[in-house]
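Values quoted throughout were computed directly from the atomic coordinates according to the rules given, and no laboratory measurement underlies them. None of the values given here were measured: they were computed from a predicted structure. Note: ideal-geometry Cβ built from the backbone for every residue, glycine included; neighbour counts use all protein chains shown.
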Amino acid sequence: MGRIFTIVILLFTMNANSQNLNKKIEDISRGKTVMINKCTRDALISFPDMKPQYDIEYPTYKPDSVTISRLIPLITEKKVTIVLGTWCGDSKLQVPRFIKLMDVLKVNENDITFICVNGAKKAENGLIDNLNITNVPTFILYEKEEELGRIIESPKTSLENDLLLILEK
């Protein structure tokens, strides 16, 4: 009996967590539907507010090959959290470019976490409360749970160069 109860609780917890993945809400402050909380890459790039810009930015963004060759040995075993707003112009521009950069670098999709926020730059259930997000998008790099650095809103020079500066510290 106890084993069945444990399985039921486990399934309930998994179902509750899955309801927050790829979640959409009406954001009153923006007057539109936005994604909130964690989402998958596929859900993000097919979301109506993201898809048109993604379809332009992803194929046309060409990261600098010299910088890429310097990044490849440095990016292994790193994780990335991307906090973005599907309503935000900078997110619509920079996130597709960053995804392209991660693809060129062959970063495993499981090492990238996408978290969407509402117009107040908040997610539900305290998901980003400890991240001190002031602007979106924010690209946070980690190594073994330790934050290495951030690219906030727009890169200073280019995404790949800013990433290199973080990883060469």
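Before moving on, here are some points about what is shown:
- Cβ-based charge dipole, the stretch 23-167, positive-most Cα from Tyr61, Val104, Thr76: Tyr61
- The stretch 111-169: GluC sites (Glu not before Pro) falling in loop per DSSP and having at most 14 other Cβ within 10 Å: Glu145, Glu168
- Computed from Cα positions, the angle between helix 65-75 and the longest principal axis of the chain comes to roughly 40 degrees.
- Here the sum of -39500 (n - 2.57) over DSSP H runs of 4 or more residues, divided by the residues of the chain, equals -13000 deg cm²/dmol at 222 nm, to the nearest 500.
- Averaging the Cα positions of each part gives two centres, and for the stretch 23-39 and the stretch 46-81 these lie 24 Å apart.
- Amide H to amide H, with H built 1.01 Å from N, Glu153 comes under 5 Å of Thr138, Phe139, counting only residues 5 or more places away or on other chains.
- Calculated mean projected area of the Cα convex hull in nm² (choose from (i) 11.4; (ii) 8.5; (iii) 12.6), label: (i)
- Subset of Lys51/Lys79; Lys23/Lys156; Lys32/Lys144; Lys51/Lys106; Lys32/Lys79; Lys24/Lys169 violating a 29 Å alpha-carbon distance limit: Lys23/Lys156; Lys32/Lys144; Lys32/Lys79; Lys24/Lys169
- Amide hydrogen proximity for Lys23: with H placed 1.01 Å from N in the peptide plane, the residues at 5 or more positions away or on another chain lying under 5 Å are Ile36.
- Residues with amide H under 5 Å from that of Thr113, placed H, sequence gap 5 or more: Val80, Thr81, Ile82
- Rounded to 10°, Cα long-axis angle of helix 51-60 versus longest principal axis of the chain: 30 degrees
- Each residue of the stretch 112-123 was assigned a 3J(HN,Hα) from its phi angle through the Karplus curve 6.51 cos²θ - 1.76 cosθ + 1.60 (θ = phi - 60°); the sequence is 10, 10, 9, 10, 9, 10, 7, x, 8, 6, 10, 10 Hz, with glycine and proline shown as x.
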